1. Sort 299-309, 422-432 for me by packing, meaning the mean count of neighbouring Cβ atoms within 10 Å per residue, highest on top.
2. Can you work out D for the range 25-95 in µm² s⁻¹ from Stokes-Einstein, where Rh is the Kirkwood radius over C-alpha pairs, the temperature is 10 °C and the viscosity is 1.306 mPa s?
3. Please report the accessible area of F313 (heavy atoms, 1.4 Å probe, ligands and nucleic acids excluded) in Å², nearest 10.
4. So what is the calculated 222 nm ellipticity per residue for the chain, using -39500 (n - 2.57) for each DSSP H run with n of 4 or more, over all residues, to the nearest 500 deg cm²/dmol?
5. Place a +1 charge on the Cβ of each Lys and Arg in the chain and a -1 charge on the Cβ of each Asp and Glu, then give the dipole magnitude about the Cα centre in debye, rounded to the nearest 20.
6. Give the separation of the Cα centroids, the range 561-576 to the range 2-51, in Å.
7. For the range 3-337, what Kirkwood radius comes out of the mean inverse Cα-Cα distance, in Å?
8. Can you give the angle from 0 to 90° between the axis of helix 73-117 and the longest principal axis of the chain, with both taken from C-alpha atoms, to the nearest 10?
Amino acid sequence: MPVTWVSARQQVLVRLRLLKMLRAAGPLPVGGLVMVTIVESLSPAAAAAALGLLVGRLVAALGEGAGGLGALTLPAAALVGVMLVGNLIDSAKEPLHYLVAFRLDGAYRSELSRRVSTGRTIAALERPSVQGHVELARADPRNWTERTPGAGAVALVVMVGRALTLASTSVVLAVCAWWLVPLLVLPAIAVQWLSSRDIDRWFVLWRGGQTEYHRRRVWSDANLDAGPAKEVRIFGLGEHVVRRQLHHTREQYAPVWAHQRASLTRHWLLAPMVVGPLAAAMVSAAYLAAAGRVSLAAGTAAISASAVIYRTFWGDPRDVLGAVSALNASDRLREALDVPPASVPPEASDAADASYASATSAGPGRTAQRVGTAQRVGTEPQDRTVRFEEVSFTYPGSDRAVIDRLDLEIRPGELLAVVGLNGAGKSTLVKLLAGLYEPTGGRITYDGADIRDIGLDRWRRHLSVVFQDFVRYHLSVADNVALGSARVPPDRHAVEAAGLAAGLDAVVDRLPLGWDTPLARTRRGGVDLSGGQWQQVGLARALYAMRTGARVLVLDEPTAHLDVQTEFEVFDRLATYRGDAAVVLISHRLSTVRQADRIVLIDRGRVTESGSHAQLMAADGVYANLFNIQAERFRQGYNDCAEDGEIS
Ligand SMILES: Nc1ncnc2c1ncn2[C@@H]1O[C@H](COP(=O)(O)OP(=O)(O)OP(=O)(O)O)[C@@H](O)[C@H]1O
């Protein structure tokens, strides 16, 4: 966000915070940085003083002949020493700056990731304004305005060093004549102030072009990313995409360049404000020395120090502005994300979760697939039924209730199918169950307690969900499955057992590196899986989660891409594998859901029909109608099923 929107007090506070963040870089690098900055800051004044002394003694020595040359040794050695130290400091400065910024940024980014991933729900993350904060806060510079907090903190230290340079060179000037200090410093402050206003304006203009930047990215990604590459070629989009990209680039940059041109002109107009006082100071110091009103050493040192004064004002405030802007965005993110006040470290919350913990085990063999047998630890839940009690939900920014006073029970060990037309609210139901959104009315309970009171993090340990858009990590097959339960160390046996239940073993057998094959062709030895094979990976991931105690398995369209035979096998194994866990299956394939213990039909956010397949068919309602339509299509050869709604 533009820095000019932030009050002066906040700007000072955020800069102090940047300096405080330096602690994350560790005492040694920060100590080194401070030392190097102090030495570097004092060296211009020291060099000016040594030069003055050297010139003074040199002129005196000229009168005394060779005998007076000995007096030059000390100032000459001092000058050489200052230059040598300056040289050494120069070579150590860059790596130190890098190390401090790198460490600080590492700590900052870890904290940011933690904060974003521990937000209670995902509702805030979907807001465009919050996504804007995420982009700025992530401090991964993509343009001239963005800087990392590490770069900003180092730049602040350098600025403090410049103040030290200003003070020490002012002392050298004052030894010659006190009025040289205001003569040089006051116009320099005025020029600096005008320049920073220019940079602030530039910053605001640049940030104002973010919409155009995002539009440009849409087009440039279309041409450069592998995903859209197919359509770009099929529809001949290449040239069109390039034109759109150029258009948005021009729109984004035009105001910035116009400002840059104007600012360059202003800069030249300001030049006399710098050069005039500088020339006056140098001539005055020379005159004072020539007139014998100050020593030659003091006059020469003042001339040398005059030039340094101006250099102390020419730092790039953009380093600090960019970092301040990242910190402001991360503050806004904290407010928007509703992060729990004291985010409980995993180990502590594991211990606290003892009352709900379930120890599970999985064997690799085909017969030892029952995973998730809960052991009573502390106060094991008595009634593991999940209840939706008059639950309503309206998405933020909308006034239509997607879920409308819905009542539903999910019983332990039950295979419950949820069906309904597109947009009926099935996926929303799953997101509410997972606590990714909070109901706007009613409550969801487990073991009689509101899941919000159980604690969403703790509640989610009882859940395992395969979303329609589950994540396809560019990692090995085994890692993709083991990410179903990152709270415990990966267990290859359990991975293979879950893979077997999901029918993944046959896929893995054909992969070049078996379970270790990376699932991305962009990686060495990697492969791309088909849509159905990926679904089996997603399914295995959810089944793997059950080994750490997930008691409710939710599958949102898990078999849409599976062929009929694989789907049948997967369900057969799932029935054995689930043990006493509840399985909620959302599917449009009614031939699949007829096997469920109970089927509920969702219509406009409410349960309108509930019962077994036979009961619902006998009731001759919407479900029966949908089933008959699908069966008729199967009969006409639109699917490879043997008879009405049957999958084999
Ligand atoms: N993040 C969101 N913000 C606003 N509205 C949303 C959001 N996600 C879904 N909706 C709306 O909520 C309604 C229900 O969507 P949902 O995805 O729950 O339906 P569904 O029954 O799962 O549909 P499908 O069978 O097509 O997957 C839809 O009208 C959809 O437009």
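The values are calculated or read from the model by the stated rules, or taken from the named source; none is laboratory data. Note that the structure is predicted; figures quoted are calculated from it, not measured. When we count neighbours, we look across all protein chains shown, and the Cβ atoms used for this are built from the backbone with ideal geometry, even at glycine. These accessible areas exclude ligands, DNA and RNA; they are computed on the full protein's heavy atoms, side chains included. Shrake-Rupley method; radii C 1.70, N 1.55, O 1.52, S 1.80 Å.
1. Descending mean neighbour count gives 299-309, 422-432.
2. Reported coefficient: 116 µm²/s.
3. Roughly 30 Å² of F313 is accessible to a 1.4 Å probe.
4. Helix-only estimate at 222 nm: -19000 deg cm²/dmol.
5. Around 2380 debye, computed over the chain.
6. 63
7. 23.6
8. On a 0 to 90 degree scale, this one is about 20.
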